[in-house]
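The values are calculated or read from the model by the stated rules, or taken from the named source; none is laboratory data. Just so it is clear, the structure is predicted and the values come from calculations on it, not from any experiment. We place every Cβ from the backbone using ideal geometry, glycine too, and count neighbours over all the protein chains shown.
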Amino acid sequence: MQEFLGAIALGPQAAAWYALQFLLMILAALVAGRSPWRRAASLPLVLALLLLPCVAPLPPLHRALLACLGMLGTLKAMQLGFEARWQSQHAVWHGLAPFDVSTARRAAPAFDLRLFAFVCLHAALLAACVFALLRLPATPDPAWLALRLLLGAGML
């Protein structure tokens with residue numbers, strides 16, 4: 001468990017790499033557009049998004065998270081550059097959000113207790129699966145492998 005906590009600890013160096021990745025995502029979303037010049041200008045930013053996890057001197061878990069952010073930023077920059085429906089006044093919001101914001105509308109602020117409970121339940125399920133996976137022995141026994149596969153599916 002200590003190895004896992006040490007691997008996910010966000011020190012100043014890891015925070016700086018995440019901040020750089022988010023900055024690249026924001027810049028790629030701002031630069032990407034439908035004109036050929038804007039597409040060409042966003043290409044170096046997209047390449048930097050994809051290559052940053054390869055050069056970051058971080059543990060594998062942090063590099064994997066940086067790679068996921070890089071793939072998200074790449075996808076969003078491509079959407080902003082090639083699909084007309086993604087062109088909106090919310091380029092940065094779209095560039096950082098893992099969901100569709102092209103049809104977003106203003107709404108009155110409200111706290112949805114049902115949605116909050118739903119998110120808390122799923123966060124608890126994820127934490128339980130991760131905790132159980134860290135506690136399982138690493139043996140080639142088919143029963144343990146099946147349990148690990150089930151827990152991995154639960155995480156997804």
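Within the stretch 74-98, restricting attention to residues that are without any contact (Cβ under 8 Å) to a residue 40 or more places away in the chain and not in a helix (DSSP H, G or I), the residue that is farthest from Val31 (Cα to Cα) is Pro98. Residues in the stretch 99-154 that are in contact (Cβ under 8 Å) with a residue 12 or more places away in the chain, outside any helix (DSSP H, G or I) and more than 21 Å from the chain's Cα centre (by Cα): Leu136 alone.
Over 19 Å from Leu27 (Cα atoms) and surrounded by 13 or more Cβ atoms within 10 Å (Cβ to Cβ): does that describe Ala117? It is false that Ala117 is over 19 Å from Leu27 (Cα atoms) and surrounded by 13 or more Cβ atoms within 10 Å (Cβ to Cβ). When Leu145, Leu125, Leu96, Leu149 are checked against the criterion of being under 30 Å from Ala41 (Cα atoms) and surrounded by 10 or more Cβ atoms within 10 Å (Cβ to Cβ), Leu96 stands alone in meeting it. If we scan the stretch 16-25, do we find a residue that is surrounded by fewer than 17 Cβ atoms within 10 Å (Cβ to Cβ), touching a residue at least 12 places away in the same chain (Cβ under 8 Å) and either closer than 19 Å to Ala91 by Cβ or polar (S, T, N, Q) (or both)? There is at least one residue in the stretch 16-25 that is surrounded by fewer than 17 Cβ atoms within 10 Å (Cβ to Cβ), touching a residue at least 12 places away in the same chain (Cβ under 8 Å) and either closer than 19 Å to Ala91 by Cβ or polar (S, T, N, Q) (or both).
Scanning the stretch 78-93 for residues that are among the hydrophobic types (A, V, I, L, M, F, W, C) and either more than 28 Å from Met155 (Cα to Cα) or loosely packed, with under 11 Cβ neighbours inside 10 Å (or both) yields Met78, Leu80, Phe82, Ala84, Trp86, Ala91, Val92.
Residues checked against (1) at pLDDT 90 or above; (2) out of contact with any helix residue (DSSP H, G or I) (no Cβ under 7 Å at 6 or more places or on another chain); (3) not in a helix (DSSP H, G or I):
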| position | (1), (2), (3) |
| --- | --- |
| Glu3 | no, yes, no |
| Pro44 | yes, yes, no |
| Pro53 | yes, no, no |
| Pro57 | yes, yes, yes |
